[in-house]
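The values are calculated or read from the model by the stated rules, or taken from the named source; none is laboratory data. It should be emphasised that the depicted structure is a prediction, and the values quoted were computed from it without experimental measurement. Cβ: placed from backbone, ideal geometry, glycine included. Neighbour counts: every protein chain shown.
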Amino acid sequence: MNLKSLLLVGGALLSGTAASAGGFQVTLAGQKNNGMGGVGVGLSLDQAAMFYNPGALAMVRERGVQIGGNVTLARQSFRGQFGSDERTLRNSIVTPFNLYAGFGPAEGKWRLGIAVYTPFGSKLQYASGWEGRYSLTDIDLKSVFVQPTVSYAITDQLSIGGGPVILAYGAVNLQKDISIGNYPDGHVELDGKAEHKVGFNAGVFFKPSDKLSLGVSYRSHIDAHVKDGTVTITNTPTALASSFAATKFDVTLPLPATTSIGVGVMPNDKLTLGFDVNFVQWSRYKTLDFTFDQNLGTSNKSTSKRYYQDALTFRLGGQYKLTDGLTVRAGGSYDNSPVKDGYVTPETPDADRVSGTLGATYSFGKFGVDLSAQYVSIKKRTQTQNELLNNGTSLDRVAGTYKTNIVIPGIGFNYNF
């Protein structure tokens, strides 16, 4: 009995089917940005600049507080290569959120801020009895990041900023069935919390004229580590108890660094356009290695191949101020998947994706309400048994076709002072 056939946690530490970025990266960090295809690196829209480009925060005129949330409604299906039935995942809802507060003198050159957001997290629940149940049946992932930020305007045109990015909370619960020869299937559940980790986010913002702005930002990688996670195994025969003795696991997942460049164009006082390119360094994610406190199967270690490749995301969006109180937005993005053919896993059934977005803000005095909506189409992705055999991944993947569509409504509230 091969260990890889017993446990496939994939990118399960903090991953899952992402809402709007390849692999397991999610960018739903700002409600205004969400309505504009996710652009923001070359713009200074509001306090969410702390996430997109900390250098732009000093150029945000208003000090303020804002909070927002989204609901991801996904329809995901799978059809096995050697089966005729399409398996539709059970309905699940994920609610990423964001909170920003920016402070500083009204006419000063600096801004301080605090950001709280959820860039990783998902929930998948496959249909009972599906072909990949020995790889995955359920996964529930949560994460919260905190980012203190400082930004300074060196001149009226140039500003810089940055701050530590703290993995304040991360949790995973993963479940799968176990095939035990002539015995009924067993079941395994992994549950753990990630250790606190620290990276950084930094950026530069340049606005040479009232009609043009440029930005560059860099978000460092973080190695998220679950130590002493709990292994719970049920419905296994007493005669094979020694093969299912593990009670704890350790695993590290590399969360990739991202370099972004952005351009903002303001043809007039009412219209703002933005274009971003994100370069995500997925290539450092080569294998996922687990260590157990006792044997699970024939060993206390497991290695699962990933061999991700670096990927680009292209984003385009704009907003138009219809009245003093109402601003409307639209945008879209194209996201290259970092997952190569033959390496698609059930917990991250990733493929190239296209998204379209709409949004609006209605302001009354110092208060405002932000609305956004996204539609994400993840392209149909097929991998064959021959590909799995050639890559040596046939023991922890499933041959077949995945298809996912996601609808993401969002709402936010802001107060400027």
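Checking Tyr307 against (1) under 28 Å from the mean Cα position of the chain (by Cα); (2) not in a loop (DSSP other than H, G, I, E, B), which single condition isn't satisfied?
(2)
Hey, Asn268 hits all of (1) at pLDDT 95 or above; (2) part of a strand (DSSP E or B); (3) not acidic (Asp, Glu) but one; which does it fall short on?
(2)
Answer yes or no as to whether Tyr285 is within 30 Å of Asp269 (Cα to Cα) and touching a residue at least 12 places away in the same chain (Cβ under 8 Å).
It is false that Tyr285 is within 30 Å of Asp269 (Cα to Cα) and touching a residue at least 12 places away in the same chain (Cβ under 8 Å).
Give Gly400, Gly332, Gly325 a once-over and let me know the one that is more than 22 Å from Leu136 (Cβ to Cβ), touching a Phe, Trp or Tyr at 6+ places or on another chain (Cβ under 7 Å) and among the small types (Gly, Ala, Ser).
It is Gly325.
Tally time: how many residues in the range 364-417 are among the acidic types (Asp, Glu), under 26 Å from the mean Cα position of the chain (by Cα) and not in a loop (DSSP other than H, G, I, E, B)?
Result for the range 364-417: 1.
If you check Ser84 against the conditions, is it among the hydroxyl-bearing types (Ser, Thr, Tyr), assigned to a strand (DSSP E or B), surrounded by fewer than 19 Cβ atoms within 10 Å (Cβ to Cβ) and modelled with pLDDT under 85?
So Ser84 fails the test.
Looking at (1) part of a loop (DSSP other than H, G, I, E, B); (2) farther than 18 Å from Trp110 by Cβ, which is the only condition Ala168 fails?
Every listed condition holds for Ala168 apart from (1).
Please verify whether the range 304-322 includes one or more residues that are of a type in the set (Val, Ile, Thr) and surrounded by fewer than 18 Cβ atoms within 10 Å (Cβ to Cβ).
So far as the range 304-322 goes, no, none of its residues is of a type in the set (Val, Ile, Thr) and surrounded by fewer than 18 Cβ atoms within 10 Å (Cβ to Cβ).
One line per residue, one yes/no per condition, for (1) modelled with pLDDT of 95 or more; (2) within 20 Å of the chain's Cα centre (by Cα); (3) farther than 21 Å from Asn414 by Cβ:
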site	(1), (2), (3)
Ala115	yes, yes, no
Thr118	no, yes, no
Ser122	no, yes, yes
Gly129	no, no, yes
Tyr134	no, no, yes
Asp138	no, yes, yes
Leu141	no, yes, yes
Ile160	yes, no, yes
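Across the range 323-358, which residue is modelled with the highest pLDDT among those that are assigned to a loop (DSSP other than H, G, I, E, B), among the acidic types (Asp, Glu) and buried (at least 19 other Cβ atoms within 10 Å of the Cβ)?
Asp350
Quick check on my filter: what residues within the range 362-417 are out of contact with any strand residue (DSSP E or B) (no Cβ under 7 Å at 6 or more places or on another chain) and without any contact (Cβ under 8 Å) to a residue 40 or more places away in the chain?
Ser363, Phe364, Gly365, Asn386, Leu389, Ser394
Quick one: which residue in Asp370, Asp350, Asp396 is closer than 22 Å to Leu312 by Cβ and not basic (Lys, Arg)?
Asp350
Output the residues belonging to the range 173-190 that are polar (S, T, N, Q) and touching a Ser or Thr at 6+ places or on another chain (Cβ under 8 Å).
Gln175, Ser179
Restricting attention to the range 280-303, report how many residues are crowded, with 16+ Cβ neighbours inside 10 Å and part of a strand (DSSP E or B).
Qualifying residue count for the region: 7.
Testing Lys32 on (1) surrounded by fewer than 24 Cβ atoms within 10 Å (Cβ to Cβ); (2) of a type outside the set (A, V, I, L, M, F, W, C); (3) within 22 Å of Val328 (Cβ to Cβ), one condition comes back false. Which one is that?
Unmet condition: (1).
One line per residue, one yes/no per condition, for (1) in contact with a helix residue (DSSP H, G or I) (Cβ under 7 Å, 6 or more places away or on another chain); (2) of a type outside the set (D, E, K, R); (3) surrounded by fewer than 19 Cβ atoms within 10 Å (Cβ to Cβ):
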position: Gly132; (1), (2), (3): no, yes, no
position: Ile139; (1), (2), (3): no, yes, no
position: Gln147; (1), (2), (3): yes, yes, no
position: Gln157; (1), (2), (3): no, yes, yes
position: Ala168; (1), (2), (3): no, yes, yes
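Considering every residue within the range 85-96, establish whether at least one is out of contact with any His (no Cβ under 6 Å at 6 or more places or on another chain) and within 15 Å of Gly55 (Cβ to Cβ).
no
Kindly indicate the residue of the range 214-257 that is without any contact (Cβ under 8 Å) to a residue 40 or more places away in the chain and assigned to a helix (DSSP H, G or I) and also surrounded by the fewest Cβ atoms within 10 Å (Cβ to Cβ) among those meeting that condition.
Thr238
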